[in-house]
Amino acid sequence: MKVRASAPTKVTLFGEHAVVYGFPALVMAIQKRVEVTASKTSDGVVRIELPELSSIGLKLEIRNGEVEIKKVQNALKHASYVVETIKELQKRANQSCGAKIMVKSKLPAGVGLGTSAAVIEAVGLAYSTLLGITMDKKEIAQLAKHVETLVQGKSSGMDASIISQGGIGLFRLENETPVLQRLEAKEIPIVIAYIKKVIPTGEAVARVKAIFEKHKDITKTIFEAICAITEKATRKILENDLNSLGELMNLNHGLLCSLGVSNLRLEQLIHLARDAGALGSKITGAGFGGSIVCLLKNEESAKNVCQVLKPFCDGVFLAKRDNIGAQVQIIGS
């Protein structure tokens, strides 16, 4: 049997960091997909290749539950998401099968755009199909949240939820349970630019937590303001009021800066984008490097901002909404 699975990545439009503390976030799946092909083999060994998740690539094998690295370089953490996904599915199914798995990504890992959750969901759908297990969108999102927690210590489940479902939605944790309310909204012109992260997402969240614990009264007020912005932005996106949405984006960025998650390179990109015609621009994701998101009037303006930002970042693109979510299909016997 041979299968092909894929999952979109995502962009957080409003509400990052505050979402960890139970406040809402506005998040959108984007058409930069992680693609996985997998075929069943007869020797019981799971062979995994991740040629695009680092500058060098990675090959590894799982034999009887043990991981053997075939090529050593800087993609090991990203491989952990794949390994833990395979092991978790083998445990749940109480069986295993040999497989050759190829993972390809349209985006680099570690830039705050949900690549890790997308990898888990695409690999999970592919390997579960080889095992004869059918997983619906809710189950694959739960798997992704579980594996992210295993690898990085904590996960809100936001990335997993929007990546499995696709579209755009308002996410929040209710009694630690991820809840995603999908929205019916028009496509909005979005540009995303990214640079190398200075610290991992987990550490970024821990730094904000340290500030929260030290200055709880002030930080709670900041999160409440981010919440108010997110809720108003949700109304404005449904009304397609781009000017107000851009203003709210700039306000959200200012509050993120007050939490200390920006840096000089991100600020340069954000202000270059605004000077080039962006209605709003802000950090997206955990910060300390990673990505920014810019809102534009139209596609022509978006292309201009891409050209302006290109010399100053590692990658920039016009982001299109993905309305499909994670999916899998059998392509051969």
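Data table
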| item | result |
| --- | --- |
| Order by protection proxy (mean Cβ within 10 Å, highest first), peptides 128-136, 150-158 | 150-158, 128-136 |
| Normalised convex hull volume, the chain, alpha-carbon set, Å³ per residue | 125 |
| Linear extension gain, GLU187 paired with SER333, 0.36 nm per residue minus alpha-carbon span | 48.7 nm |
| Cα-based reach from LYS145 at 17 Å (exclusive), listing lysines while leaving out same-chain residues under 8 positions away | LYS10, LYS77, LYS87, LYS91, LYS137, LYS154 |
| Expected-Rg normalisation [2.2 N^0.38 Å, Cα atoms] applied to the stretch 236-333 | 1.25 |
| Ranked packing of 19-30, 171-182, most packed first, by mean Cβ within 10 Å | 19-30, 171-182 |
| Diffusion constant of the stretch 102-191 at 25 °C, which comes from Stokes-Einstein with the Kirkwood Cα-pair radius and 0.890 mPa s, µm²/s | 175 |
| Tilt relative to the chain, helix 76-93 - C-alpha long axis, 0 to 90 degrees, to 10 | 60 |
| Helix 216-239 axis, angle to the chain major axis (alpha carbon atoms, nearest 10°) | 90 |
| Inter-probe distance in nm under a simple model that places probes 7 Å from Cα toward Cβ, at LYS100 and HIS215 | 5.6 |
| Estimated distance in nm for a label pair at ILE324 and ALA93, the labels positioned 7 Å out from Cα along Cα-to-Cβ | 2.3 |
| Inter-probe distance in nm under a simple model that places probes 7 Å from Cα toward Cβ, at THR134 and LEU150 | 2.5 |
| Relative contact order %, the stretch 190-319, counting alpha carbon pairs below 8 Å whose residues are six or more apart | 40 |
| Non-local Lys pairs in the stretch 190-319, i.e. 8 or more apart or on different chains, that have alpha carbons under 21 Å apart | 17 |
| Theoretical gain in end-to-end length, HIS271 to GLU224 [0.36 nm per residue, Cα-Cα removed] | 14.4 nm |
| Cβ-based net charge around THR230, under 11 Å, with every Lys or Arg adding one and every Asp or Glu removing one | +1 |
| Degrees, to the nearest 10: 242-258 long Cα axis against longest axis of the chain | 80 |
| The chain, relative contact order [Cα under 8 Å, separation at least 6], % | 25 |
| With eigenvalues of the C-alpha gyration tensor scaled by 5 and rooted, the stretch 172-319, Å | 25, 20, 13 |
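Where a number appears in this text, it was derived from the coordinates with a stated rule and is not lab data. None of these values were measured; they are calculated from a predicted model. Cβ coordinates were reconstructed from backbone atoms using ideal geometry, including for glycine residues, and neighbour counts include every protein chain displayed.
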